[in-house]
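This report concerns only the one structure given below.
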There are 4 protein chains.
Amino acid sequence: MMVKKTALLLPLVLLMLAFQPVKKKKVIFFGDSITQQGAGPGGYIMRIDSMSKAAHLADQFEFVGKGIGGNKVYDLFLRFQPDVLDQKPDIVLVYVGINDVWHKAMGTGTDFDKFGKFYDAIISTLKKQGIQPVVCTPSVIGEWNDGTNQQDGDLNLYAKWIREYAAKNGVPLVDLRKIFLDYLQQNNPENKDRGILTVDRVHLNEKGNQLVADAMWKVIRSLK
Amino acid sequence: MMVKKTALLLPLVLLMLAFQPVKKKKVIFFGDSITQQGAGPGGYIMRIDSMSKAAHLADQFEFVGKGIGGNKVYDLFLRFQPDVLDQKPDIVLVYVGINDVWHKAMGTGTDFDKFGKFYDAIISTLKKQGIQPVVCTPSVIGEWNDGTNQQDGDLNLYAKWIREYAAKNGVPLVDLRKIFLDYLQQNNPENKDRGILTVDRVHLNEKGNQLVADAMWKVIRSLK
Amino acid sequence: MMVKKTALLLPLVLLMLAFQPVKKKKVIFFGDSITQQGAGPGGYIMRIDSMSKAAHLADQFEFVGKGIGGNKVYDLFLRFQPDVLDQKPDIVLVYVGINDVWHKAMGTGTDFDKFGKFYDAIISTLKKQGIQPVVCTPSVIGEWNDGTNQQDGDLNLYAKWIREYAAKNGVPLVDLRKIFLDYLQQNNPENKDRGILTVDRVHLNEKGNQLVADAMWKVIRSLK
Amino acid sequence: MMVKKTALLLPLVLLMLAFQPVKKKKVIFFGDSITQQGAGPGGYIMRIDSMSKAAHLADQFEFVGKGIGGNKVYDLFLRFQPDVLDQKPDIVLVYVGINDVWHKAMGTGTDFDKFGKFYDAIISTLKKQGIQPVVCTPSVIGEWNDGTNQQDGDLNLYAKWIREYAAKNGVPLVDLRKIFLDYLQQNNPENKDRGILTVDRVHLNEKGNQLVADAMWKVIRSLK
């Protein structure tokens, strides 16, 4: 009796599906030394991992750090194929720009117009390959909260460009620079140049890592 | 009769006093290419001169431009003796700092701490010699009004230092940077990088020269 | 009679082969503004083209300029696929490095170690795809012949790296820097900083273009 | 009997003269961190002091170090009055220029033309005041011996200027750059970038301090 057999099979199939391992979304964090440290103990990637577990979403995400110290946007581009595309990620967060600005003070920063070209080359390729990009503005080089850090102007410019690029291209944005500046406005009454969100004006302390993790996780979990 | 004679002499003396040439106050403008241009046609020094005449104060002031293109604070220090002290001025306006910041982008700016040392060496010497100093904050390098000009952070820092130095040492201040930023906030709706107060992001156009002249003249005429 | 027929056909086939259009070798010149100008009138690529015609080799080569002003090695990498690989060249001459060094003076040069990475990425890919690379050392930034041009040290370093890379990887080398320095040693008795081989310390005058053309053509025509 | 008395006095006077304290020549070493370290144990000034004692000339010289880390030529100028002129020296050795070149890589070096102006201001003033100047060329930033240290070109330029200035103005010269380059040519077979004469590419090790001491002492003791 065919009908009966099918009737018996259906619940079984559903049961099997239910226990079938869910395909996790692979999330790659693509960046510089901040991201490299973010994959270590107390780092922002570890914190996002913990938050996903606390939210009972551990089975839905796999988090992979791909940060290398000193990287600028063109360094990301150089290792884009092996470190990102070949890894078959579902989501890629690009957190870059600090060294592009910072290293101008040592002679080897990135021209503003070139920054945009490489940035777009990365994001466009991700989109073409059906990978979800998420972009982040560069956080800070110095924590003075009255706009007097040497490279505040340039960081503002690069951050503004990323914001506009995200809006124009429909790419989710984690506006780290705005988040950091707002936080420092409220929480740096003595106007120190480090120690509130960073250990050395650039690299994140615990609070800095948590701030980044909160902002990124909010966007990651909202993605379909 | 002595009394009578005296009675006759008094009006004569008063008459003589009235026609006695007033000792003009010599005002030196000490600075870079902006000041060098300020002494030319349409320049801010020429405008101050016109304003003093319009206020019927032409006989009280002599205005002398001592600006040289490319000068940083230490260049002022190098030519301080011949160009300023030897000229026996009454008032000296020091308008410097733009090249100290700007030239960092070409490798030859001025360290922040050194800037302060040379600045103080100039102002302290003026005060010791009974010459009235007036200090000015550096105006702009780029007219974008959202804090994205490459060197906005550094200009803010040097301007802040000058403000605090002026307050601490009781030196009259012409806060050109604040005046320029406020003006651009109101009058640069398209957020252009030049053409509102400068011709090339740095050197002043007519409006820029007038703005500087207005602010300086207000302070100069108020000095006893 | 088969034999006779074949005997008749053979000379015909040879005749046809002789008139068959030769597959020209496509030679791409990949570089910066010097190469961009090299494709213009009097430029080194035009001169190589003339020399190939004078040598009755016009039918064997097609010369294509792919130079863009301001390009550093990573800019070449960014446009490598469309501008070089997609053009299916047989030979590619890479003439880059001047801006990588020069722009350090404006804050946006290329780190020495990164230079090597991008350089190798380009040359390795050419080799993998069966395209013949030819590398060139960067010529000059300033023509003083006593080692006092500001960036002589750095240019020497990058040139040395290219020489060693070429030797190690069996890549033909056009040692422009050595050729230029040797020429200036002999032909710059007044030790001028420009005007012997360049118009502005960097971009080539007629003699400079001819020197580059001679050196490149010698290598190009020697390639099998 | 007068004769007898005089006969008795003469040996006494001679005796007194012999024991009269010789007026020591005060030698100031005016410079940057290399000179600051030079005044410490094992430093070049200490070595010169030892050499003067070994030559039984200890009573003829007093050696005073006036070096401050990070100093460029304009820093020397700023502290010239209190640190040099007010000390009433007989001889002043000026050893400066490394930071003027080096700091270009961090944005705050010294323009070539300004270097000359400040240098001349110092040397001219010494001469006017009857103080004997001795000038030194800047030694090295990096010990590679094939002209590939990043700032070799610029150091060569500043050194060349000092050589020509010394010749033109009849100022004794200690050509440290030449001495160092010659030494490295002979004694750096592995072409290391540090460790032969410096500990860190700039600051002197024992051998470097001895080399400087030898060259300076030779000039100092030759001065009338």
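Every number in this text was worked out from the coordinates using simple rules, so none of it is lab data. Here the structure is a predicted model, which is why all the values come from computation and not from measurement. As a convention, Cβ positions derive from the backbone with ideal geometry for all residues, glycine included, and neighbour counts pool all protein chains shown.
Here the Debye sum runs over all C-alpha atoms of the stretch C:22-222 as equal scatterers in vacuum, and log10 of I(q)/I(0) at q = 0.12 Å⁻¹ comes out as -0.56. Under the simplified labelling scheme, the B:LYS160-A:ARG221 pair shows an inter-label distance of 3.7 nm, with each label point 7 Å from Cα along Cα→Cβ.
Placing unit charges on each Cβ (+1 for Lys and Arg, -1 for Asp and Glu) gives chain B a dipole about its Cα centre, and among B:VAL171, B:GLN150, B:THR198 the Cα reaching farthest toward its positive end belongs to B:VAL171.
Between copies, the label points of C:ASN169, set 7 Å from Cα on the Cα→Cβ line, lie 2.9, 5.0, 5.7 nm apart, reported in increasing order to one decimal in nanometres.
For chain C, the longest principal axis of the Cα atoms and the long axis of helix C:152-169 meet at an angle of about 30 degrees. In a reduced charge model with +1 at each Lys and Arg Cβ and -1 at each Asp and Glu Cβ, the stretch D:22-222 shows a dipole moment near 720 debye about its Cα centre.
Residue order for A:LYS104, A:LYS26, fewest other beta carbons within 10 angstrom first, comes to A:LYS26, A:LYS104.
Ranked from largest, the principal axis spans of the Cα set of the stretch C:157-224 equal 39, 27, 20 Å. Across peptide D:66-76, the average count of Cβ atoms from other chains found within 10 Å of a residue's Cβ is 2.
What you get for the stretch A:71-148, charging only the Cβ of Lys and Arg (+1) and of Asp and Glu (-1), is a dipole of about 280 debye around the Cα centre. With its label point put 7 Å out from Cα toward Cβ, D:GLY130 sits 3.2, 8.8, 9.3 nm from the same residue's point in the other copies, in order from shortest.
Can you tell me the orientation of helix B:206-222 relative to chain B, as the angle in degrees between its alpha-carbon axis and the longest Cα principal axis, to the nearest 10? Taking the Cα atoms of chain B, the angle to B:206-222 is about 40 degrees. Among chain B residues, the beta-carbon with the smallest distance to the axis carrying B onto A is reported, with distance in whole Å, as B:GLY153, 2.
Give, as ranges by residue number, the residues of the stretch D:75-109 whose backbone N falls under 18 Å from the point 7 Å along Cα→Cβ of B:GLN129. Once the point is set 7 Å along Cα→Cβ of B:GLN129, D:78-82 turn out to lie under 18 Å by backbone N, inside the stretch D:75-109. Across peptide D:108-115, the average count of Cβ atoms from other chains found within 10 Å of a residue's Cβ is 5. Placing a label point 7 Å from Cα along the Cα-to-Cβ direction at B:GLN60 gives distances to the equivalent points in the other copies of 6.7, 7.6, 8.9 nm, listed shortest first.
Considering only beta bridges that DSSP places wholly inside the stretch B:22-222, some 5 percent are antiparallel.
Among rounded, prolate and oblate, which fits the stretch D:106-224 when a ≥ b ≥ c are the square roots of the eigenvalues of its C-alpha gyration tensor, a/c under 1.5 means rounded, and a/b larger than b/c means prolate? Judged from the Cα gyration tensor, the stretch D:106-224 comes out oblate (a/c at least 1.5, b/c at or above a/b).
Taking amide H atoms as placed 1.01 Å from N in the peptide plane, the amide H of D:VAL96 lies under 5 Å from those of D:CYS136, each 5 or more residues away in sequence or on another chain. Shape summary of the protein assembly as shown, radius of gyration then Dmax from alpha carbon positions: 35.8, 163 Å. Think of it as helices only: each DSSP H run of n ≥ 4 in the protein assembly as shown is worth -39500 (n - 2.57), and spread over all residues that comes to -15500 deg cm²/dmol at 222 nm.
Counting neighbouring beta carbons within 10 Å and listing from fewest to most, the residues A:ARG79, A:ARG47 come out as A:ARG79, A:ARG47. First check a/c for the stretch A:30-85, with a ≥ b ≥ c the square roots of the eigenvalues of its C-alpha gyration tensor; if it is under 1.5, answer rounded, and if not, answer prolate when a/b is larger than b/c or oblate otherwise. It comes out oblate by the Cα gyration axes.
Charges on Cβ only, +1 for Lys and Arg, -1 for Asp and Glu, centred on the Cα centroid of chain A; of A:ALA105, A:MET46, A:GLN210, which one is farthest towards the dipole's positive end? My answer, from the dipole projection, is A:MET46.
Which peptide among C:29-37, D:83-91 comes first, and what is the full order, when sorted by highest mean count of other Cβ atoms within 10 Å?
C:29-37, D:83-91
To the nearest ten degrees, helix B:2-19 and the longest principal axis of the Cα atoms of chain B are 20 degrees apart. Each DSSP beta bridge with both residues in the protein assembly as shown is either parallel or antiparallel, and the antiparallel ones are about 5%. Roughly how many debye, to the nearest 20, is the charge dipole of the protein assembly as shown about its Cα centre, given +1 on each Lys and Arg Cβ, -1 on each Asp and Glu Cβ, and no other charges? Dipole about the Cα centre, nearest 20: 20 debye. Taken residue by residue and averaged, Cβ atoms of other chains lying within 10 Å of the Cβ of B:154-160 number 5. If a spin label sat at a point 7 angstrom from the Cα of A:ASN191 along the line to its beta carbon, the backbone N atoms of the stretch A:129-154 nearer than 15 Å would be those of A:143-150.
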